[in-house]
1. Quick check on my filter: what residues within the stretch A:114-133 are within 19 Å of residue B:33 (Cα to Cα), at the interface with chain B (Cβ under 8 Å from one of its Cβ atoms) and part of a helix (DSSP H, G or I)?
2. Quick one: is residue B:193 modelled with pLDDT of 95 or more, in contact with a strand residue (DSSP E or B) (Cβ under 9 Å, 6 or more places away or on another chain) and closer than 25 Å to residue B:140 by Cβ?
3. For the stretch B:156-184, which positions are more than 12 Å from chain A (Cβ to nearest Cβ) and either crowded, with 24+ Cβ neighbours inside 10 Å or farther than 17 Å from residue B:91 by Cβ (or both)?
4. Select, from B:201, B:197, the only residue that is free of Cβ contacts under 8 Å to residues at least 24 places away in the same chain, within 8 Å of chain A (Cβ to nearest Cβ) and closer than 20 Å to residue A:168 by Cα.
5. Only one of these conditions is not met by residue B:187: (1) more than 19 Å from residue A:185 (Cα to Cα); (2) more than 7 Å from chain A (Cβ to nearest Cβ); (3) assigned to a helix (DSSP H, G or I). Which number is it?
6. Please specify each residue of the stretch B:74-121 satisfying the condition of being free of Cβ contacts under 8 Å to residues at least 24 places away in the same chain and within 21 Å of residue A:188 (Cβ to Cβ).
7. Scan the stretch B:185-195 residue by residue and report those that are closer than 21 Å to residue A:116 by Cα and buried (at least 24 other Cβ atoms within 10 Å of the Cβ).
8. Across the stretch A:96-113, what is the number of residues that are in a loop (DSSP other than H, G, I, E, B) and closer than 13 Å to residue A:178 by Cα?
């Protein structure tokens, strides 16, 4: 056995239900702080305080801040993609797509436009300084775009959109309108410009509606 | 005279050509570091090192990091708004608007999509933690949107766009497409999705072109 006893013991502790619960508490606290205050602006001490964990517990699970950041990206990606899948999988009409838009605007207006998109904000902060983080975030954003592309492809197959509609391009444009809408909303502390941005993208998609 | 000798001397030093040159060097170095690495990730020591200034010189001009951040917002806003004014003021056709798009994409592709928009990235990092910064950035983003609205209003007055075109909404949507394009480009380290996002917004505006 190549590992020393201490390392084995550490691994064991991490795999116990209590160890997994502690890890999850740390990641959830970090995700919340990163979302509200930003990644760089959040210290590991603040994460410890918010999660009620000791320094040794924190370092038992994450060797450094970068490891914690990657765990948060993983959790936030799963959260956003599950939410989007739930909203988009049943969309079979343009009204359905507008309801997806309405749900996003409602969630954003509840926090007065603050904080932006968890994935978009982390992309801006991390993409140029942590290549592993960029790749993970890019994979999630690609998966998100693919969901939109699949939804638009379905609308085309159902005859809601004409054959002229290009789901790849429209899906990318729709996701950009959403991300740009988040930036303007955060800047204005109001979801109003985000609504205008998404409406313009949806109006453009509606230009391809079969008469 | 209410001020002590020391304070007066400090004010005098700050107003000399050499003092103003030092201040400008500090702000330019900070702007570059904030843009490439992020605001929170940049320390005042790094700004001192990059600008070749001493601690006392730095604190002579900026009482804390927040004061330096506000000076950087001011400089970056002037830079972005001057660039946009230069590109947009002469636009009198849809082709002219596409040349504005091409210039933005070219600049973005020179850095492989990295760093995003100086104003958008600072908005995301600062809007929820520094109300003064948010208001300053919001004023700049509003001025940017107004430039786009004026450009679209001119195109409508010239008969390039029909009376149905709503410059306010289309201008907001166009700026959102640009900001969202920056986010996707930074994430992908490629300006390709930014091009698709802007093309979709411009295609939508072209739907209002007079036949």
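1. Step one: filter the stretch A:114-133 for residues within 19 Å of residue B:33 (Cα to Cα), giving A:121-131.
Add one more test, that the residue is at the interface with chain B (Cβ under 8 Å from one of its Cβ atoms), and what stays is A:121, A:123-125, A:127-129.
Of everything in the stretch A:114-133, those that are within 19 Å of residue B:33 (Cα to Cα), at the interface with chain B (Cβ under 8 Å from one of its Cβ atoms) and part of a helix (DSSP H, G or I) turn out to be A:121, A:123, A:124, A:125.
2. Numbers: modelled with pLDDT of 95 or more: yes; in contact with a strand residue (DSSP E or B) (Cβ under 9 Å, 6 or more places away or on another chain): no; closer than 25 Å to residue B:140 by Cβ: yes.
So residue B:193 fails the test.
3. B:162, B:163
4. On the way: B:201 fails: free of Cβ contacts under 8 Å to residues at least 24 places away in the same chain.
On inspection, the qualifying residue turns out to be B:197.
5. For residue B:187, the failing item is (2).
6. B:78
7. Filtering the stretch B:185-195 for residues closer than 21 Å to residue A:116 by Cα gives B:185-189, B:193-194.
Selection gives B:185, B:186, B:187, B:193, B:194.
8. Going through the stretch A:96-113, the residues in a loop (DSSP other than H, G, I, E, B) turn out to be A:111-113.
Applying the additional criterion that residues be closer than 13 Å to residue A:178 by Cα yields A:113.
The number of residues fulfilling the criteria is 1.
The values are calculated or read from the model by the stated rules, or taken from the named source; none is laboratory data. Computed from a predicted structure; not experimentally measured. Cβ coordinates were reconstructed from backbone atoms using ideal geometry, including for glycine residues, and neighbour counts include every protein chain displayed.
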